[in-house]
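Worksheet: the structure to be examined is printed underneath.
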Amino acid sequence: MLKKTDPVERILLRHKKITEKALEEVKTNNLHTGSYLGKTLTDHGYIHTQSLLETLSTELRLPYIKKGQYPKSGLPVEGLTITETFLREKIIFPLQIKDDTLIVAVYDPFDLYTIEDLKVSLGKNIRVVLSSEQDILESIQAYYGEEGGSAMNRMVDGIQDDDLHGLDTLDDSTEHIRDMASEAPVIKLVNHIISQAIETRASDIHLEPFEEDLSLRYRIDGILHPMEPPPKRLSSAITTRIKIMSKLDISERRLPQDGRIKLKILGKDIDMRVSTLPTLYGESVVMRILDRDNLVLDLSQMGFPEKELRLIEGLIKKPYGKFLVTGPTGSGKTTTLYAGLSKINTPDKKIITIEDPVEYQMRGINQIHVKSQIGLNFADGLRSIVRQDPDVIMIGEIRDPETADIAIQAALTGHLVFSTVHTNDAAGAVTRLLDMGIENFLISSALLGVLAQRLVRVICPDCKEEATLTPTLEAEMGLLHKEKVKVYSGKGCKACSNTGFRGRCGIYELLVVDDSIRELILKKSTAQTICDQARKMGMRTLREDGWDKVVKGITTVEEILRVTLNDRN
């Protein structure tokens, strides 16, 4: 039973890490049945472990360390009569001995009985540092336990098959499903999956059920990486827990659903976009992670060459016209548009966006979420937006002729219109609009410019090393008979999870519509003709910008070939 004198309660309330309402829920629902309130609060998702330990570290003036900071020279186990069972039960881990003092990592710093017991039984002074339950238990397993005892395995060991009976049947009661997914082990498991994704800098979490197993993959720097998955028997429980968090209908398993989750994890504000999709063996779940703390909405920090940056800043300050960004899904188009909006977001401008879905929430901008099921699509929403007297309009994507036509008309009647379209290169956007039935004279009058972009992985600075360049690649880069250049690659290290890459940056191709390009648009010239003319006027292609970033040691030759394989040289 939770007591008013509990020190964790007082500390967290004083530091505003938890609310009175949350504590009242803990009491009302009898959630606190153990001895340590901090564990109860983290297990049930009221506070993240790192936030708890950082607050206690500040209040109690005790160091807070993570597993990577544990001594590497081995454990002071000789002469210490401490059993693995005792360490697991008390959640403590011996770190090192200094003279007559034993340093131990603890999860519960208020377990004074255990600390005193150690002092008396070992005949040593005890110095305490704080560490998470997961780090302590993983270290106990690594040094004392058998192989295969990962954090995932320990979490699922506490979930019995009997507890999950009925979760895979469609006719089971909603309340029973909700109860099972609200159990602490399932909550901890889902929190672990999300936290691990944040720690590895993942942009997406993919949970996919198959006939024999459940697949867990993280998309890191644009590439999917398999992770240790939970057992298949927990598929429905995990999916249901995620649905509860994102306020979806847990009883509906036959139709796709979309939702959102807002969390504070590892001290960061995280927005998650959740999508569920019924498949042959259960519901597939994808969670897009939108880390607001790491969001860069500054054009000058997105890898634009200086010339292109100046041109873009000039285009987005025009009073009217249309500016397009093209590229495949996941190439950062929306982020670029938001960076442009952020640059011109001033009190004297009214900016309205219509998106599916709204990716980022920005102060001072009116944002509309498309809802096709009630008839609010891009075209209908855009008609209403124009009547709201905006200065700037952003359309998430031009998908159909009707939306394209209204957007062009808005650009011609005094509005600055931003949008995206799916084409391989900048010149292809013009022919795409023509294919949609937009008249050539309207395109030539309204279009200001088109930016094509891709995202390439950045070489990890901690394991960056010089690489060799084959004559074939050297010729393709146009370096023959010129001064030799150095190219680099990543060897792979702990900091980049042995991938050799850490982070991404953009490569760009900017087509500015000048008089010569307008003439070609009026003639309905091919994309190749428009591209050739633009290059004569100084446009650099995606691959040329990519080669420049290779020479600067930002990325690798293989990355440029990967993302520009089908593009024109």
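The values are calculated or read from the model by the stated rules, or taken from the named source; none is laboratory data. All of these numbers come straight from a predicted model, not from anything done at the bench. All Cβ positions, glycine included, derive from the backbone under ideal geometry; neighbour counts span all protein chains shown. These accessible areas exclude ligands, DNA and RNA; they are computed on the full protein's heavy atoms, side chains included. Shrake-Rupley method; radii C 1.70, N 1.55, O 1.52, S 1.80 Å.
Run through every distinct alpha carbon pair of segment 437-569 and return the Kirkwood hydrodynamic radius in angstroms, one decimal place.
It is 16.7 Å.
Subtract the Cα-Cα distance of ASN366 and TYR320 from 0.36 nm times their separation in residues, and report this length gain in nm to one decimal.
Gain on extension, ASN366 to TYR320, equals 14.7 nm.
Tell me the accessible surface of HIS225 in square angstrom (1.4 angstrom probe, heavy atoms of protein chains only), to the nearest ten.
Taking all protein chains as shown, HIS225 has close to 50 Å².
Any of LYS322/LYS552; LYS262/LYS318; LYS494/LYS552; LYS524/LYS552; LYS307/LYS333; LYS247/LYS317 with alpha carbons more than 29 Å apart? Name them for me.
From the list (LYS322/LYS552; LYS262/LYS318; LYS494/LYS552; LYS524/LYS552; LYS307/LYS333; LYS247/LYS317), the Cα-Cα distance tops 29 Å for LYS322/LYS552; LYS262/LYS318; LYS524/LYS552; LYS247/LYS317.
Nearest 0.05, what FRET efficiency do GLU89 and ASP249 give at R0 = 60 Å with Cβ-Cβ as r?
0.90
Any chance you could run the full-extension gain for PHE441 through LYS27? It's 0.36 nm times the residue separation minus the Cα-Cα distance, nm to one decimal.
This chain segment gains 142.1 nm when fully extended.
Between LYS491 and LEU561, take the C-beta separation as r, use R0 = 22 Å, and let me know the FRET efficiency to the nearest 0.05.
0.65
Rounded to the nearest 20 debye, what is the charge dipole size of the chain about its Cα centre when +1 sits on each Lys and Arg Cβ and -1 on each Asp and Glu Cβ? Intermediate results must be reported in sequence, preceding the final value.
Details: 75 positive and 83 negative charges, 395 e Å.
In total the dipole reaches around 1900 debye.
Restricting attention to segment 456-530, which GluC sites (Glu not before Pro) occupy a DSSP loop and are surrounded by at most 15 other Cβ atoms within 10 Å? It would help to have the intermediate numbers written out before the result.
Numbers: sites: GLU465, GLU466, GLU474, GLU476, GLU483, GLU509, GLU519; in loops: GLU483.
Qualifying residues, ordered by number: GLU483.
Starting from the Cα of MET537, step 7 Å along the direction of its Cβ; do the same at ALA467; then give the gap between the two resulting points in nm.
For MET537 paired with ALA467, the spin-label model returns 3.5 nm.
Fully extended, how many nm does the chain gain between ALA475 and GLU212 (0.36 nm per residue separation, minus their Cα-Cα distance)? List each step's numbers first, then the result.
On the way: separation 263, 0.36 × 263 = 94.68 nm, distance 4.84 nm.
Once the chain is fully extended between ALA475 and GLU212, it gains 89.8 nm.
Quick query: amide H of VAL325 versus all other amide H atoms, modeled in the peptide plane; which residues come in under 5 Å with a sequence gap of 5 or more or a different chain?
Excluding prolines and chain starts, which carry no amide H, the hits are SER419, THR420, VAL421, LEU451.
To the nearest 10 square angstrom, what accessible area does GLU228 show with a 1.4 Å probe?
Counting only protein heavy atoms, the figure is 80 Å².
Long-range amide H contacts for HIS415: which residues qualify at under 5 Å (H placed 1.01 Å from N, peptide plane, sequence gap of 5 or more or a different chain)?
Here GLY321 satisfy the definition.
Applying 1/(1 + (r/R0)^6) with R0 = 30 Å to the Cβ-Cβ distance of ASP298 and ASP348, what FRET efficiency is obtained, to the nearest 0.05?
Computed FRET efficiency for ASP298 and ASP348: 0.90.
Express the relative contact order of the chain as a whole percentage, based on alpha carbon pairs under 8 Å and six or more residues apart in sequence.
Taking the mean separation of contacting Cα pairs over the length of the chain, I get 9 percent.
With the convex hull built on the Cα atoms of segment 258-355, state its orientation-averaged projected area in nm².
Value for segment 258-355: 9.2 nm².
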